[in-house]
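Derivation of every value follows stated rules applied to the coordinates shown; laboratory data play no part. Everything numeric here is computed off the predicted structure, so don't read it as measured data. Positions of Cβ are backbone-derived with ideal geometry, glycine not excepted, and every protein chain shown enters the neighbour counts.
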Amino acid sequence: MKTKYWVWIAGVLVAGAAAAAAWVIQPAIAPIQPPAPNDFDSASVARGARVVAQGDCMVCHTAAGGAPYAGGLPLRTPFGTIYTTNITPDAATGIGNWSLAAFTRALRHGVSRDGHLLYPAFPYIHYTRMSSADITDAYAYLMTRTPVVARAPDNDLLLPLRFRPLLAGWNLLYLHPGPVADDPRQSAEWNRGRYLVDGAGHCASCHSTLDPIGGERSPAFSGGNIDGWDAPALTALLQTPKPWNREQLALYLRHGWSPEHGAAAGPMGPVAHSLSQVPEADTNAIATYIMSLQKPAAPATATVTTSAPAPAPASAMVQQGAALFAGACAGCHSAEAPMMSTRGRPSLALSSAVTGERPDNLIQVVLNGIPWSHTGQSTFMPPFAAALTDQQIASIAAYVRADIGKRPAWPEVERRVNKIRKENQQ
Ligand code: HEC
Ligand code: HEC
Ligand code: HEC
């Protein structure tokens, strides 16, 4: 990504200059006296809890070990580190003195109460699709949380980007404000699904490829990368070794796990955790909409793993990997492992971490494991970062890829492990 900085900067400078005038007219919205919690209708607060869960607001606005919604989580982008802000109702450091109008403008236009432009690491290009009713309920919910005094650390961004007015140029290109009308040719459930996926759910912000200036490329959902994890394409769910269906997808989104596809690991874990708190009708609607985006399934032969070419004779690396796998992994992942039977654990051959084009998710899963989940302990996998060297992880990957995945080897896995390990430590 580094080589593309210049394109990014040049593009933003040009567009930014053109649109600087537009920025100048973003006025401050007057502060209000912080409302009391009982100024809000309790039904609106309850609905707002679900909207905030659909939008994953807590995931980004809570630092590790920090108070909910008090901000301070570092988001690492190719352009530097941006810290999330405090969205608890503290008047001095949070949004306590924000009116509904100021809150709505932030979500729809990416403008802070005092008029400064917000970085698109805050996915307002999606939140702009939310209905006024949902935004009002989210406001009621957040304004009735416990106020916390917390100021976000200063951002650490490439120099030109510290100048926020440049974002006006970015917005000209990527922000299309306001909700979109329902498509009358589609069912109510499909429209609800599209509303949630494109709006609060902001699925495309991780599952789309980004262009050099951080905008989502079309077609949407063709697969992206986030925090060193690959977010697989959401339009190729029929091309996986075990094609997804609507029920499996709804289950995966709700429970962070499906018997045919395994666990939602890495950045998808918190997304699924949030979605476990929304009505089941909503996760079903998301699944319906996502399934409607699928490219037709590949001819049957291509999806059956047995039709894969006969594997080449095992290299020394694959043999070492097999031995390490037997010791470190097989207790949970071999066909005979006792844990396999407790919940019908899916074969690793079905995991996109094993069949994907790049080894990154497999490496991340082995380094970090999978945390205890909200749905019970059965998705726990321990981290191996301290137990295995880069070379050992590379050989386990070679074995899993060749013998279990029956796919051609990934190139240069050891270098990748080394790089990902370093990035994770930053
Ligand atoms: C992917 C991470 C992410 C998610 C998810 C997210 N935010 Fe944010 N949000 C940010 C970042 C980063 C900023 C600060 C941007 C800046 O300083 O320019 C921010 C800023 C804000 C602000 C402006 C605060 C201020 O003081 O200017 C509001 C309001 C806000 N977010 C509300 C929400 C709500 C409501 C949700 C859920 C619907 C949400 N955010 C979800 C990352 C996120
Ligand atoms: C914060 C980034 C992020 C957001 C937001 C996000 N995802 Fe994901 N998603 C990921 C990552 C990373 C993975 C890969 C994790 C894994 O394989 O365990 C993933 C995996 C998935 C998978 C499994 C794909 C496969 O082939 O294994 C599905 C399905 C999915 N996401 C759907 C969604 C939907 C629907 C939404 C919106 C409601 C969404 N995601 C929002 C990051 C995200
Ligand atoms: C204590 C049990 C345990 C051990 C040991 C273990 N795993 Fe896992 N692993 C899990 C669980 C649980 C999951 C979640 C998916 C599931 O339910 O099967 C998982 C998932 C995975 C996934 C799929 C991740 C995804 O995104 O879908 C991969 C790949 C994986 N493990 C590789 C390994 C490797 C390689 C080792 C050895 C270095 C290993 N595991 C050791 C329990 C374990």
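Couplings 3J(HN,Hα) of the stretch 211-224, computed from phi: 7, x, 9, x, x, 6, 7, 9, x, 5, 6, 8, x, x Hz, in residue order, whole Hz [Karplus 6.51 cos²θ - 1.76 cosθ + 1.60, θ = phi - 60°; x for Gly and Pro].
Based on DSSP H segments of at least four residues, each scored -39500 (n - 2.57), the chain has a per-residue ellipticity at 222 nm of -12000 deg cm²/dmol. Would you mind checking the stretch 212-251 for residues with the amide N under 12 Å from a putative spin-label position 7 Å along Cα→C-beta of LYS295? Correct set: 219, 222-223, 233-240. Residues whose amide H comes within less than 5 Å of that of LEU75, counting only those at least five positions distant or on another chain, are ILE82, TYR83, THR84 (H built at 1.01 Å from N in the peptide plane). With a Förster radius of 25 Å applied to the beta-carbon distance between VAL149 and ARG76, the computed FRET efficiency rounds to 0.45.
Close amide-amide hydrogen proximity is noted between ILE370 and MET381, each under 5 Å apart and 5 or more residues distant or on a separate chain (H modeled in the peptide plane; Pro and chain starts excluded).
Convex hull volume of the Cα atoms of the chain, normalised per residue: 153 Å³. With loop defined by DSSP as not H, G, I, E or B, and exposure as at most 15 other Cβ atoms within 10 Å, which is the longest segment of the chain clear of exposed chymotrypsin sites (Phe, Trp or Tyr not before Pro)? Longest gap between qualifying sites, sites excluded: 164-371.
Computed from phi, the 3J(HN,Hα) profile of the stretch 364-372 under the Karplus parametrisation 6.51, -1.76, 1.60 (θ = phi - 60°) reads 4, 5, 5, 5, 9, x, 10, x, 3 Hz, with x in place of Gly and Pro. The angle between the Cα long axis of helix 132-143 and the main principal axis of the chain comes to about 90°, on a 0 to 90 degree scale. In order along the stretch 193-210, the phi-based Karplus estimate (6.51 cos²θ - 1.76 cosθ + 1.60, θ = phi - 60°) of 3J(HN,Hα) comes to x, 4, 4, 6, 5, 7, x, 3, x, 6, 4, 5, 5, 9, 8, 10, 6, 9 Hz; Gly and Pro are listed as x.
The spread of Cα positions in the stretch 23-174, taken along each principal axis and listed from longest to shortest, comes to 44, 35, 28 Å. Compared with the dominant principal axis of the Cα atoms in the chain, helix 246-255 is inclined by about 70°.
The eigenvalues of the Cα gyration tensor, multiplied by 5 and square-rooted, give the stretch 188-292 an equivalent ellipsoid with semi-axes of 20, 16, 14 Å from largest to smallest.
Computed from the Cβ-Cβ distance with R0 of 25 Å, the FRET efficiency linking VAL59 to ASN38 stands at 0.30. For the chain, the longest principal axis of the alpha carbon atoms and the long axis of helix 5-24 meet at an angle near 20°. Between ALA188 and ALA387, full extension at 0.36 nm per residue minus the direct alpha carbon distance yields a gain of 66.6 nm. Starting from a Cα-only point model with no solvent, please compute log10 I(q)/I(0) by Debye for the stretch 121-265 at q = 0.11, 0.12, 0.18 1/Å. For the stretch 121-265, the Cα-only Debye profile gives -0.58, -0.70, -1.35.
Applying 1/(1 + (r/R0)^6) with r as the Cβ-Cβ distance of ASN245 and CYS332 and R0 = 30 angstrom yields a FRET efficiency of 0.70.
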